[in-house]
Every structure is written in C-alpha cells, then in structure tokens.
1. Among (1) without any contact (Cβ under 8 Å) to a residue 40 or more places away in the chain; (2) over 23 Å from residue 187 (Cβ atoms); (3) in a strand (DSSP E or B), there is one condition residue 72 misses while meeting the rest; what is its number?
2. Given the criterion outside any helix (DSSP H, G or I), within 28 Å of residue 169 (Cβ to Cβ) and of a type in the set (Ser, Thr, Tyr), identify the matching residue among 13, 59.
3. Exactly one of (1) of a type in the set (D, E, K, R); (2) in contact with a strand residue (DSSP E or B) (Cβ under 6 Å, 6 or more places away or on another chain); (3) open to solvent by less than 80 Å² (accessible area, probe 1.4 Å) is unmet by residue 79. Its number?
4. Kindly indicate whether residue 64 is in contact with a Gly (Cβ under 9 Å, 6 or more places away or on another chain) and not acidic (Asp, Glu).
5. Restricting to region 16-30, name every residue that is open to solvent by 50 Å² or more (accessible area, probe 1.4 Å), in contact with a helix residue (DSSP H, G or I) (Cβ under 9 Å, 6 or more places away or on another chain) and within 20 Å of residue 68 (Cβ to Cβ).
6. Considering only region 90-106, state which residues are open to solvent by less than 50 Å² (accessible area, probe 1.4 Å) and part of a strand (DSSP E or B).
7. When residues of region 25-42 are filtered for being assigned to a strand (DSSP E or B) and touching a residue at least 60 places away in the same chain (Cβ under 8 Å), how many remain?
8. Looking only at region 31-64, how many residues end up being touching a helix residue (DSSP H, G or I) at 6+ places or on another chain (Cβ under 8 Å) and open to solvent by 40 Å² or more (accessible area, probe 1.4 Å)?
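The values are calculated or read from the model by the stated rules, or taken from the named source; none is laboratory data. Just so it is clear, the model here is predicted, and its values are computed rather than measured. Cβ placement follows ideal geometry from the backbone for every residue including glycine, while neighbour counts extend to all protein chains displayed. Surface accessibility is based on the protein's heavy atoms, side chains included, excluding ligands, DNA and RNA. Shrake-Rupley method; radii C 1.70, N 1.55, O 1.52, S 1.80 Å.
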Amino acid sequence: MAKTSTTTQGLRTAIERSGYYPALVAEAVEAAVGGEPIRSYLVHQETTFDQNEVRRHVTVLVLTGTRFIVSHTDEQAADDTSPTPYATTSTESVKIGRISSVVLSRVVANPESYKPGTPPREVVLTIGWGAVSRIDLEPAACGDPNCEADHGYTGSSTADDLSLRVSEAGDGPETVAQTLAFAQSLSEATADTTR
C-alpha cells in the first residue's frame, strides 16, 4: 500500500483518538517514518496503576516497505530531575529483515462452537528482532531418580523485544481487529525474502 494522505491521516487520527499527548507522539512517529510509505500501523494505549499513581503509556507500531518502527511514550510525575511532570518518547527503527519472529496468540471463548471469522476476545502480539532476549534456565537432570551428580543447567533463549496484549473488554473490538491486521501485514512482510 502506498503512503497516501488517507493512510497518514488514519495514523494521525488513531494517535489523536488515543488522547495521549497526540502532538508529541505524532511528531516522534512522523520523524521516524520520514517520507517512506506506510503499509500498516497500530496505536495501543495502556493505563497501569502504580500504588497511588495512574500511569499511561502509548505504543505506536508502523510498518513501512523496509522498516518496522516502534514508538513508546510514557509520562512521569515530577521528581528529583524535574520539578514538573514530563513525558519521555522514544522511537526505534528495525529493518524488516532483522525481525526473527512474529508470534500472535489468540484467546477465544467457547472453542467448541468456534466459527471461522469470529474475532478472538484477546490477542497477544510478540515481536522479536534480537535486541532483547530472555533466558530461562533450570538445573539439568538425567533419567536416574537416584543420581546425585551435577548435570549443569539447561534452558532456552527467547527473543522478546516487544509484547502487546490487546483485549476486546479493555481495548475494544476495533483495536483487536487492528492488531490482527497489523500482525498479518508484519508476518507477510517478514516472509518476503527479497528484503
């Protein structure tokens, strides 16, 4: 899909609809995208409760023809470094060829009566490109239950650069549908071996 004013306007509208410092978020995302055509995007706002404080966070994902762009914006209360509240925004640009995994987990109600096309009630989108890995280790063992030897450790390394959980109850059915569409676009882009 070529970058059109409709695609660009759709992204800007989604950022504005999130209501979370839209001018700041839009400027950061648009600077990272530059003049590249936008193929797909997703805007996800998350509100968390930290003791007596409410914290907001917005993640914007953009897929262009050659890159996957991630933008995070967080707000912070006044602290030792700033006498007034402030926001921090960051963007990361990843070449499509660097993406090593796109995992989409779907949660559906009443699976015994599931009909194709029924939207899931929740999805978790996990994307890995090698910037962050999680290592899970556990003591290794052999098949002998009486063995007391030290067999070292065994484990697994998992790419876990970005994980977003979106639910129909918390984010609305439109956001779930947008997440599914974005995941499909990103999966298709990573399957293209010419990049």
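1. (2) is the only condition that residue 72 fails.
2. On the way: 13 fails: outside any helix (DSSP H, G or I).
One residue alone meets the criteria, 59.
3. Of the numbered conditions (1) of a type in the set (D, E, K, R); (2) in contact with a strand residue (DSSP E or B) (Cβ under 6 Å, 6 or more places away or on another chain); (3) open to solvent by less than 80 Å² (accessible area, probe 1.4 Å), the odd one out for residue 79 is (2).
4. Details: in contact with a Gly (Cβ under 9 Å, 6 or more places away or on another chain): yes; not acidic (Asp, Glu): yes.
It is true that residue 64 is in contact with a Gly (Cβ under 9 Å, 6 or more places away or on another chain) and not acidic (Asp, Glu).
5. Residue satisfying the conditions is 30 alone.
6. Going through region 90-106, the residues open to solvent by less than 50 Å² (accessible area, probe 1.4 Å) turn out to be 94, 96, 99, 101-102.
Listed by number, the residues that qualify are 94, 101, 102.
7. First pass over region 25-42, keeping only residues assigned to a strand (DSSP E or B): 38-42.
Remaining after also requiring touching a residue at least 60 places away in the same chain (Cβ under 8 Å): 39-42.
Total meeting the criteria: 4.
8. Within region 31-64, the subset touching a helix residue (DSSP H, G or I) at 6+ places or on another chain (Cβ under 8 Å) is 37-45, 58, 60-64.
Then keep just the ones that are open to solvent by 40 Å² or more (accessible area, probe 1.4 Å); that gives 37, 39, 41, 45.
Total meeting the criteria: 4.
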